[in-house]
Amino acid sequence: MKVADILSRVKDGERLNASHALVLLEEASWLDLAQLANEKRIAKVGADKASYTLFKIINYTNVCEIDCTFCSFKKTQGAKGSYVMNLEDIEESGKAAQELGANQIFLQGGVHPSLPFSYYLEALKILKDIGIAHIRGFSPVELRQMAAMEKRPLAEVLKDLKLAGLDSVPGAGAEILVERVREILSPNKCDVGEWGDILKECHKLGLYGSANIVFGSVESNAEMIEHLEVVRNLQDETGGFNSFIPWTFQPQTKDFVVEKIPHHQYLKVLALCRLYLDNIDNIEVSVMVLGQDIGQLALRMGANDISSPVLEENVLRSYGVKDEKAAIKLIEEAGLKAFKRDFNYQPV
């Protein structure tokens, strides 16, 4: 089918299928995709607004046994530079975030081989006790490790985490949800089915969250579409993703070759995400990775949220905005009204 015919069908409300999405990715003008994606953004969230949030990432440990090829953050247990934050420091980090106007915390760490489950529960309780309104934490592979350490079903572990204060989970650790790619990039992470099953359990308990794609390595165009299909099918089943974020890989290690993604190609992929993921309301632009100029363009090409500012991030180099004033300025200079939201996209 020709590009124009596919775009016309999508504009009329027909759901985009994988083969047609591949045609758009490979043959369509990025401007044509962007225009249609902007129309879909307006239909979903309104014409005149875009959101941001203010949160702090607490990287509670850099000890990790997963050994992804692209990660420079990880350390082996006992290695020079490895750490586990003590609970007092986590409490102080939460208080510091509150002083800067952030009442949301994202707990993110490596997959520690021996950290007791009680550590995670205490960290959550401490942050709730000081008044943190929303705590997001723990990617599927972190949750898998907790269940393995506890020798208990994941559902029971999740219930304990929720009771201790966990409010939502990220769909992190996805990169590309295709087995061929995962065997190359991160063979020790959850496989595709496992990733989905863990998030299904989270969503059943009301632990909703995000999903993402990270591209610019060894994936093919068809594999990118396959990734989006996995996410869309899971969303059809659970409705648990409140946002989706396309990222590009950053160069972190000498052995990991990153394809330089041109800005127009990133925007094309972002627009395609808006069109393909018709069951996810919110599309974020990765301002932290792509920068402010691309962030402003993306808000007119399918995205409705810039996510930033992030008050602390130790895994990726940040090109995002540094404070709330800058976030508002970025959105307003794109010709939209800025509103602050929580992790579940409700106005603060």
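The values are calculated or read from the model by the stated rules, or taken from the named source; none is laboratory data. Everything numeric here is computed off the predicted structure, so don't read it as measured data. Don't worry about glycine lacking a Cβ; one is built from the backbone with ideal geometry, like all the others, and counts go over all protein chains shown. For the accessible areas, the whole protein counts, side chains as well, though only heavy atoms, and no ligand, DNA or RNA atoms are used. Shrake-Rupley method; radii C 1.70, N 1.55, O 1.52, S 1.80 Å.
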Would you please calculate the Kirkwood hydrodynamic radius of segment 37-162 over all C-alpha pairs and express it in Å, rounded to one decimal?
16.4 Å
Of K95/K340; K75/K151; K159/K337, which ones are farther than 27 Å apart at the Cα?
K159/K337
Specify the residue with the greatest mean-square fluctuation among A155, A174, A303, computed from a Gaussian network of the chain linking alpha-carbon atoms under 10 Å apart.
A155
Could you work out how far apart the two model spin labels at E237 and D129 are, taking each label as a point 7 Å from the Cα in the direction of the beta carbon, and quote it in nm?
3.8 nm
Measure of exposure for D89: accessible area at 1.4 Å probe, Å² rounded to 10, is 80 Å²
Taking 37 °C and 0.692 mPa s as the conditions, I'd like the Stokes-Einstein D for segment 204-348 in µm²/s, using the Kirkwood hydrodynamic radius from alpha carbon pairs.
206 µm²/s
So which chymotrypsin sites (Phe, Trp or Tyr not before Pro) in segment 183-289 end up in coil per DSSP with only 16 or fewer other C-beta atoms within 10 Å?
none
Rounded to the nearest 0.05, FRET efficiency between A96 and K322 (Cβ-Cβ, R0 22 Å) equals 0.90
Taking trypsin sites (Lys or Arg not before Pro) as exposed when DSSP calls them loop (any state but H, G, I, E, B) and at most 14 other Cβ atoms lie within 10 Å, what is the longest stretch of the chain free of them, the sites themselves excluded?
152-253
Would you please give the FRET efficiency between K151 and E332, computed as 1/(1 + (r/R0)^6) with r the Cβ-Cβ distance and R0 = 56 Å, to the nearest 0.05?
0.60
Links that overshoot a 26 Å alpha carbon limit, given the list K49/K189; K200/K322; K125/K322; K44/K268:
K49/K189; K200/K322; K125/K322
Take the chain, connect every pair of alpha-carbon atoms lying under 10 Å apart with a spring to form a Gaussian network, then pick out the residue of M85, M146, M288 with the largest mean-square fluctuation.
M85
What is the spread of the Cα atoms of segment 190-277 along each of their three principal axes, largest first, in whole Å?
39, 29, 20
Volume per residue that the Cα convex hull of segment 89-226 spans, once the total is divided by residue count, Å³
121 Å³
Apply the Kirkwood formula to the chain: the hydrodynamic radius equals the inverse of the mean of 1/r over all pairs of different alpha-carbon atoms; give it in Å with one decimal.
20.5 Å
Reduced to Cα centres, the span from segment 145-210 to segment 41-82 in Å works out to 15 Å
Once R0 is set to 30 Å, what does the formula 1/(1 + (r/R0)^6) return for the Cβ-Cβ distance between V257 and Y83, expressed as a FRET efficiency to the nearest 0.05?
0.55
Treating the Cα atoms of segment 1-99 as identical point scatterers in vacuum, please give the log10 of the normalised Debye intensity I(q)/I(0) at q = 0.15, 0.22, 0.23 Å⁻¹, two decimals.
-0.78, -1.10, -1.17
Have a look at M149, M301, M224 and tell me which one the Gaussian network model of the chain (Cα, springs below 10 Å) gives the largest fluctuation.
M149
Using only Cα atoms, find the angle between the long axis of helix 192-204 and the longest principal axis of the chain, and express it within 0 to 90 degrees, rounded to the nearest 10.
80 degrees
